[in-house]
Structure formats: C-alpha cells, structure tokens
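So the structure is just underneath, and the comments pick up after that.
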Amino acid sequence: MERRTIGATALEVGAIGLGCMPMSWGYTESQRNGEGSLRAVHAALDRGCTLLDTADMYGPFTNELLVGRALKDRRAEAFVSTKVGLLVGEQHIVANGRPGYVKRACDASLRRLQTDVIDLYQLHRTDPEVPIEETWGAMAELVAAGKVRSLGLCAVGARAGRRRGTRLYDGTLRQLERVQQVFPVSSVQAELSVWSKEALEQLLPWCVTRGVGFLAAMPLGNGFLTGTLTPGQGFEPEDIRARHPRFTAEMMAANQPVVAGLRRVGARHGATPGQVALAWVLAQGRHVVPVPGTKKERWAAENAAAADLVLDRRDLAEIAALPPARGSWD
C-alpha cells in the first residue's frame with residue numbers, strides 16, 4: 001500500500017486509515033461486537049492501514065480500551081491517533097480545554113491504549129471558555145515530555161458552529177493560524193467525501209501549502225456512499241444518522257443518483273461504490289488520508305483495497321458531474 005506522511009513528522013501511514021468510532025459509539029449499538037471489532041482492526045493492519053483513529057469520548061473510554069487490546073502485540077505496526085477535549089455526560093457533551101485536564105486525559109488515554117506514546121494527539125473541539133493557545137500549549141508540553149509525537153486539530157464539528165454569512169471553515173482557519181504560533185500543526189481532520197466537498201475550497205489548500213496532513217473524516221458519507229443503505233430503512237435511536245438531515249427517507253431517495261454514479265464508475269474497474277468514493281478522496285492529493293469507520297472485518301478489508309484503485313480523468317469528470325447531495329436543510 002502507498003505510504004503518506006502526516007505533517008512534518010517522520011512517521012508514515014498507509015494511504016487509508018481506520019476510524020474506530022463505530023465499534024463503540026455513534027452507530028447501531030445492537031451490531032457492536034468486541035471480538036468482531038478486534039478482527040476488523042487486525043484486518044486493517046494486515047492490509048497496511050496503519051493509522052487507527054479513536055478518541056477518549058467514544059464509549060466513552062471503551063473505544064480506546066478496544067484499540068489497546070488490538071495493539072497489545074502489534075503496537076509497532078500502528079500509527080495511533082486519539083483525541084482530547086470533549087466530555088460525555090448523561091444527556092450532553094461539553095468541551096474541556098483546560099491545561100490540567102488535557103494532561104490528565106492524555107495519561108488516561110496512554111493507559112487505556114497500553115502504549116508509552118501517542119503518535120497523533122488531536123484537539124477534538126475547542127473550549128469556548130479557554131483560549132485555544134492555552135489548550136494547545138498544554139498539548140505541546142506533552143510532546144516535550146515524550147508522551148505525544150505530533151498534534152492535530154479536528155474541524156469535524158464546524159458545520160454546527162458556523163455563523164450566518166461566513167464560509168464553513170473560516171473559524172477553523174483562524175484557530176489554525178493561532179495555534180501555529182504556539183506549536184506546529186501536523187494534521188487537520190475534517191469531513192471530506194463525494195457528497196461533502198467544502199474542505200476543498202479553503203481547508204485542504206491551507207494544509208497543502210503548509211505541509212500539513214489532512215485526515216478525511218466520513219469519506220463514505222456515514223455509510224451512504226457504499227450503496228448498502230435503503231431509503232426508509234430507519235436507524236436505531238442512538239445512531240447519529242437518525243437525526244442527520246441527509247438520512248430522512250425522502251433525502252436518501254433523492255440522493256440515490258450519487259450512489260448510482262459511483263456504481264457506474266466502479267463497474268468499469270470491478271470496484272464497489274464505496275471503493276470509488278475512497279479512491280476519489282485519495283485523488284485529492286498526497287496530503288489526504290481518508291479514515292473510513294467500520295466495525296466489521298469485511299468492510300475493513302474492502303476499504304483497504306480501495307488504495308489500489310486509481311481513477312482516471314473520465315472517472316473524475318463523471319464524479320464531478322454528479323448532482324450535489326441534498327439534505328432536509330435544503
């Protein structure tokens with residue numbers, strides 16, 4: 001598998017990563033299976049998907065424990081990425097960027113992951129009550145202490161915090177410029193997929209010009225771009241798609257032409273729609289590493305194989321001509 005570098009670090013990762021969140025958080029609780037998730041992690045590692053992306057809030061905590069179990073005898077093969085900055089309550093999630101908390105949270109993550117060092121420590125969300133320079137400074141101290149190798153910033157929640165009249169990533173870019181004055185940013189994680197291309201306008205160019213890695217979250221459109229979901233199928237109450245504007249029965253039906261287009265391209269290459277979607281993300285540049293989430297060995301293997309799919313100009317033009325995705329906000 002092709003190798004890609006995360007920022008200015010000397011560590012390389014496979015062209016495709018593995019998002020571990022669905023194994024413990026956010027999706028179809030009834031289908032979670034610890035042993036099955038462990039097999040998915042091993043399948044990804046076996047195929048060169050070295051970047052494993054988790055967070056302390058997933059579970060909470062159980063996702064890091066699972067990754068730690070998987071890496072007990074394979075730590076040297078993995079690039080471990082986890083996140084800090086969010087606390088999960090009974091009915092709510094709050095940001096916590098206080099320096100003391102960040103340092104304690106890192107120690108706890110190291111214990112759960114059963115490792116001496118975290119390859120990439122990401123700020124999950126900024127705390128509106130703490131200057132981001134203070135949070136980032138505490139994270140930089142963790143690098144100096146040898147507990148963390150590199151730092152990243154997540155912009156996955158940018159849509160929710162967007163102000164009227166501004167572009168999606170205006171606030172994120174201001175934050176990035178501020179933290180760059182404290183300690184170098186090695187990666188930015190944000191949504192990027194065939195049906196969510198906003199990062200191409202501002203965020204990815206910022207990363208490219210500065211040699212910063214870009215972790216593409218939700219590259220399969222929360223599963224929609226795999227073509228395995230049926231309009232109106234419904235989702236379990238705790239599944240994040242149950243409240244997503246693009247996953248109402250009406251909008252899933254309206255967005256079927258996007259999947260149909262990916263399926264047409266895939267038919268020419270003997271590939272699935274999901275593999276085409278991942279290959280499209282890879283085609284956006286060498287700084288980009290898609291991080292599809294899964295909890296099943298079968299999908300981990302299929303996703304890894306997408307690294308060998310190279311889309312030509314005809315393929316890319318056909319995907320560019322697909323209708324934009326619709327949501328119930330439209």
Within the range 270-299, backbone nitrogen closer than 14 Å to the virtual label 7 Å beyond the Cα of Asp312 toward Cβ: 270
For the range 59-126, what size does the Cα cloud have along each of its three principal axes, sorted from largest down, in whole Å? 35, 23, 16
Where only protein heavy atoms count, and the probe is 1.4 Å, what is the accessible area per residue for the range 1-148 in Å²? 41 Å²
Accessible area of the range 1-157 belonging to carbon and sulfur atoms, whole % at 1.4 Å probe: 49 percent
What fraction of the DSSP beta bridges in the chain is antiparallel, stated in percent and rounded to the nearest 5? 20 percent
For the chain, set up a Gaussian network in which alpha carbons nearer than 10 Å are linked by springs, and say which option among Glu77, Glu318, Glu90 fluctuates the most. Glu90
Cα-based Debye curve of the chain sampled at q = 0.10, 0.12 Å⁻¹ gives log₁₀ I(q)/I(0) of -0.54, -0.80
Please turn the phi angles of the range 181-198 into ³J(HN,Hα) values with the Karplus equation 6.51 cos²θ - 1.76 cosθ + 1.60 (θ = phi - 60°), one per residue in order, whole Hz, x for glycine and proline. 6, 9, 7, x, 7, 8, 8, 10, 10, 8, 5, 7, 7, 4, 9, 9, 9, 4
Which residue, Arg243, Arg298, Arg125, has the most motion in a Gaussian network model of the chain that connects Cα atoms within less than 10 Å? Arg243
Antiparallel DSSP beta bridges within the range 93-252, percent to nearest 5: 10 percent
The chain: most fluctuating residue of Ser109, Ser81, Ser196 per GNM, C-alpha cutoff 10 Å: Ser196
Once both axes come from the Cα atoms, what is the angle between helix 273-282 and the longest principal axis of the chain, in degrees from 0 to 90, rounded to 10? 50 degrees
Pairs from Lys72/Lys197; Lys103/Lys296; Lys83/Lys197; Lys72/Lys147; Lys72/Lys296; Lys147/Lys295 whose Cα-Cα separation, in the structure shown, is over 26 Å: Lys72/Lys197; Lys103/Lys296; Lys147/Lys295
Per the helix-only model, the chain has a calculated mean residue ellipticity at 222 nm (DSSP H runs of ≥4, -39500 (n - 2.57) each, divided over all residues, rounded to the nearest 500) of -10500 deg cm²/dmol
Using label points projected 7 Å from each Cα along Cα→Cβ, tell me how many nm separate Ala320 and Arg263, to one decimal. 2.6 nm
Accessible area of the range 245-330 with a 1.4 Å probe: how many percent of it is carbon plus sulfur? 53 percent
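The values are calculated or read from the model by the stated rules, or taken from the named source; none is laboratory data. Here the structure is a predicted model, which means the values were calculated and not measured. So basically every Cβ, Gly included, is an ideal-geometry build from the backbone, and we count neighbours across all protein chains shown. Heads up: the accessible areas ignore ligands, DNA and RNA and are worked out on the full protein's heavy atoms, side chains in. Shrake-Rupley method; radii C 1.70, N 1.55, O 1.52, S 1.80 Å.
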